[in-house]
Amino acid sequence: MSSTSPLLSLPGAVPAEGRDEGVAAHYGDLFREQRALADGKGFVDLSNRGVVTVTGEERLVWLHLLLTQHVSDLPAGQATEALILSANGHIEHALYLVDDGKTVWAHVEPGTREALVGYLESMKFFYRAEVADRTDEFAVVHLPAGSIAEVPEGVVVRETAHGRDLFLPRSDLESYAEKAGPAVGILAYEALRVENRRPRLGFETDHRTIPHELGWIGSAVHLQKGCYRGQETVARVHNLGKPPRRLVFLHLDGSEVHLPPPGTPVRLASDGDEGRQLGFVTTSARHYELGPIALALVKRNVPVDAELLAGSTPAAQETIVEP
């Protein structure tokens, strides 16, 4: 499979860079594309994401032992999300799941599917479950909440409050784009993700991130189940302590020309741009209504009302994860 989407041939398409390489960053008008998504119009090409399926009679029981989410009794058609943790409770994989009654379908971050499939295969033992990398066959397409775009018959759909993810046959991607337009780039999709305070693996995470820091407890981590790798850390932090860092939402000074890129140090504004680093920007975006915004991971003890600096850019914070 080519890593480049055929939809990059659409008029105005500008290729994305970095982790989202292979799909369009935008199609010529970032704010128009954001407004379209917010109004329930258009579609987003997420065909650079991996698609993994699990089949077999014991697929849900088996996955229940490996994932942070309670999936042993997952009803057909109900979307959920789940993590795979290291033995120390650090986030290694994020899966966006739905079961169609016969098969569990999951889409995952670009570049993570091979490691995920390798791990799942190593954990099969005697369970009746079969793992398959289906990325060559299926592409993920996102329809925003409120969309009235037609879903082709037989296509598996993962429906959430933020919209519907379609597991579309890759061979149908171009023909579907002609019907479902307008096309919306990944930058618009990301701007709305930041607005909605939703973390993303590889953006809001590093090698030591635990779920509590990002607000993934509840949505991706079920606290009333055990029997998965890293569960001891999850329980200990929830019951006995606090996470060392917390995710925050930043309103950035709109007078700055450039957005602070991921990794930009976050400091107290009162200490100036030479002060002690207290965190870092994870994702920044230009929003069609809010202006420049960002997510950042900061030390837990940073005061919730403190004015911050993202590099040299003044930033006002909003709490996502309580200190």
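Nothing in this text is a laboratory measurement; each read-out follows from the coordinates by a stated rule. Remember, it's a predicted structure, so these values are computed and weren't measured experimentally. Every residue, glycine among them, receives a Cβ derived from its backbone with ideal geometry; neighbour counts consider all protein chains shown.
May I ask you to order 10-21, 42-53 by the average number of other C-beta atoms within 10 Å around their residues, highest value first? Walk me through the intermediate numbers first.
Numbers: 10-21: 14.9, 42-53: 23.2.
Listed from highest to lowest mean packing, they are 42-53, 10-21.
So if each residue of separation counts as 0.36 nm, and I subtract the Cα-Cα distance between Val61 and Ser86, what length gain in nm does that give?
Going from the current span to full extension adds 7.0 nm.
Starting from the Cα of Lys102, draw a straight line to each of the aspartates and glutamates and keep only those under 12 Å, dropping any in the same chain fewer than 8 residues away.
Result set, ordered by chain and number: Glu57, Glu58, Glu130.
For the range 97-196, run through the trypsin sites (Lys or Arg not before Pro) and keep only the ones in DSSP coil with at most 11 other Cβ atoms within 10 Å of their Cβ. Mind showing how you got there, number by number?
Values: sites: Lys102, Arg113, Lys124, Arg128, Arg134, Arg158, Arg164, Arg170, Lys179, Arg193; in loops: Lys102, Lys124, Arg128, Arg134.
Filter output for the range 97-196: Lys102.
Please find the FRET efficiency linking Glu178 to Glu130, where r is the Cβ-Cβ separation and R0 is fixed at 45 Å, and quote it to the nearest 0.05.
Plugging the Cβ-Cβ distance into 1/(1 + (r/R0)^6) gives 0.85.
Once phi is turned into θ = phi - 60°, what whole-Hz ³J(HN,Hα) does the Karplus curve with 6.51, -1.76 and 1.60 give for every residue of the range 300-315, x standing for Gly and Pro?
Per-residue couplings from phi come out as 4, 7, 5, x, 5, 9, 6, 6, 10, 10, 9, x, 10, 8, x, 9 Hz.
Run lengths n ≥ 4 of DSSP H only: what is the helix-derived mean residue ellipticity at 222 nm for the chain, with -39500 (n - 2.57) per run over all residues, to the nearest 500? Could you put the intermediate results ahead of the total?
Working: 6 runs with 55 residues, N = 323.
Using -39500 (n - 2.57) per qualifying helix, the result is -5000 deg cm²/dmol.
Under a GNM of the chain (C-alpha, springs under 10 Å), which listed residue has the highest mean-square fluctuation: Ser122, Ser147, Ser171?
Ser122
Determine the alpha carbon to alpha carbon distance for each of Lys179/Lys225; Lys225/Lys299; Lys41/Lys242 and list only those over 32 Å. Mind showing how you got there, number by number?
Values: Lys179/Lys225 43 Å; Lys225/Lys299 28 Å; Lys41/Lys242 41 Å.
With Cα atoms farther than 32 Å apart: Lys179/Lys225; Lys41/Lys242.
Need one word for the range 1-47: rounded, prolate or oblate. Basis is the Cα gyration tensor (sqrt eigenvalues a ≥ b ≥ c); a/c below 1.5 gives rounded, then a/b vs b/c decides.
Details: a/c = 1.96, a/b = 1.83, b/c = 1.07.
Judged from the Cα gyration tensor, the range 1-47 comes out prolate (a/c at least 1.5, a/b above b/c).
Would you mind telling me which residue in Val140, Val23, Val304 has the biggest mean-square fluctuation in a Gaussian network model of the chain, where springs connect alpha carbons within a distance under 10 angstrom?
Looking only at Val140, Val23, Val304, the biggest GNM fluctuation is shown by Val304.
Taking K and R as +1 and D and E as -1, what net charge do the other residues with C-beta under 13 Å from the C-beta of Lys242 add up to?
Net of charged neighbours comes to +3.
Specify the residue with the greatest mean-square fluctuation among Leu290, Leu192, Leu95, computed from a Gaussian network of the chain linking alpha-carbon atoms under 10 Å apart.
Of Leu290, Leu192, Leu95, the most mobile in the Gaussian network model is Leu290.
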